[in-house]
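This report concerns only the one structure given below.
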Amino acid sequence: MAHRRKDALEIVREIRATPQQVFRALTDPEELMKWWGANGMLTRAHVNLRPGGEYRFEFVGPEGTAAWVKGQYQVVEPPRRIVKTWFNSKFPDLRNTVEFRLEPFAGGTRLTLVHSGLSDRPEAFADYEKGWPDVLRYLGEVES
């Protein structure tokens with residue numbers, strides 16, 4: 001379920017995989033290529049997984065247009081937490097942050113995504129509110 005906060009979107013999902021598997025799916029370029037987006041949408045994933053390390057994901061959008069997401073890792077705490085800055089080609093001037101929190105539960109992992117820094121851009125908030133549920137659904141469907 002998605003929740004709006006003052007400047008953030010929060011989504012909680014339960015995934016039938018261990019926190020270690022989910023963490024790897026979120027941070028390993030080969031794993032990211034398996035699940036992020038539909039039908040080969042993600043064409044390149046670069047990850048330097050350390051605080052201050054950069055990442056860049058390149059996509060082909062539904063209309064065949066090139067797109068990207070990039071930023072720096074702020075917090076890397078395997079297998080529990082990732083915080084990173086988030087810039088994308090659709091809103092390149094919007095500085096925002098994405099946090100993934102992973103908690104074990106009896107059936108797998110409870111993933112909490114918090115995408116913050118969106119209060120000044122309602123169109124970006126609406127776009128992420130629509131897009132993140134699909135991204136997390138793809139993650140939940142992948143076999144590690």
Exercise for the section: Hey, could you check the range 83-121 for residues that are assigned to a loop (DSSP other than H, G, I, E, B) and of a type in the set (D, E, K, R) and say which is surrounded by the fewest Cβ atoms within 10 Å (Cβ to Cβ)? Expected result: 120
Practice task
Looking at (1) surrounded by 14 or more Cβ atoms within 10 Å (Cβ to Cβ); (2) part of a strand (DSSP E or B); (3) acidic (Asp, Glu), find the lone condition where residue 127 falls short.
Solution key: (2)
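If you take the residues of the range 17-47 that are without any contact (Cβ under 8 Å) to a residue 60 or more places away in the chain and β-branched (Val, Ile, Thr), which of them is nearest to residue 110 (Cα to Cα)?
Narrowing the range 17-47 to residues without any contact (Cβ under 8 Å) to a residue 60 or more places away in the chain: 20, 27-30, 32-33, 39-47.
Next, from what is left, pick out any that are β-branched (Val, Ile, Thr): 27, 43, 47.
On the way: 27: 17, 43: 28, 47: 23 Å.
Selected residue: 27.
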Exercise for the section: Collect the residues in the range 44-70 that are over 19 Å from residue 82 (Cα atoms) and loosely packed, with under 14 Cβ neighbours inside 10 Å, keeping them in residue-number order. Expected result: 44, 61, 62, 63, 64, 65, 66
Exercise for the section: Name the one entry in 65, 97, 109 that is polar (S, T, N, Q) and within 11 Å of the chain's Cα centre (by Cα). Expected result: 97
Fill in the blank from the handout: Within the range 112-144, the count of residues that are touching a residue at least 40 places away in the same chain (Cβ under 8 Å), within 20 Å of residue 27 (Cα to Cα) and more than 16 Å from the chain's Cα centre (by Cα) comes to 1
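Taking the conditions exactly as written (buried (at least 18 other Cβ atoms within 10 Å of the Cβ) and either at pLDDT 95 or above or under 23 Å from residue 130 (Cα atoms) (or both)), does residue 35 satisfy them or not? Steps first, answer last, please.
Working: buried (at least 18 other Cβ atoms within 10 Å of the Cβ): yes; either at pLDDT 95 or above or under 23 Å from residue 130 (Cα atoms) (or both): yes.
For residue 35, the condition - buried (at least 18 other Cβ atoms within 10 Å of the Cβ) and either at pLDDT 95 or above or under 23 Å from residue 130 (Cα atoms) (or both) - is met.
Please count how many residues of the range 14-69 are of a type in the set (Ser, Thr, Tyr), in a loop (DSSP other than H, G, I, E, B) and closer than 17 Å to residue 100 by Cα.
Of the residues in that region, 1 qualify.
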Practice task
Report, by residue number, each residue of the range 49-62 that is basic (Lys, Arg) and either over 13 Å from the mean Cα position of the chain (by Cα) or at positive phi (or both).
Solution key: 50
Problem - Residues located in the range 85-143, provided they are modelled with pLDDT of 90 or more, among the acidic types (Asp, Glu) and within 24 Å of residue 20 (Cα to Cα) - result: 99, 103
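The values are calculated or read from the model by the stated rules, or taken from the named source; none is laboratory data. None of these values were measured; they are calculated from a predicted model. Neighbour counts are summed over all protein chains in view; Cβ atoms, including those assigned to glycine, are modelled from backbone coordinates with ideal geometry.
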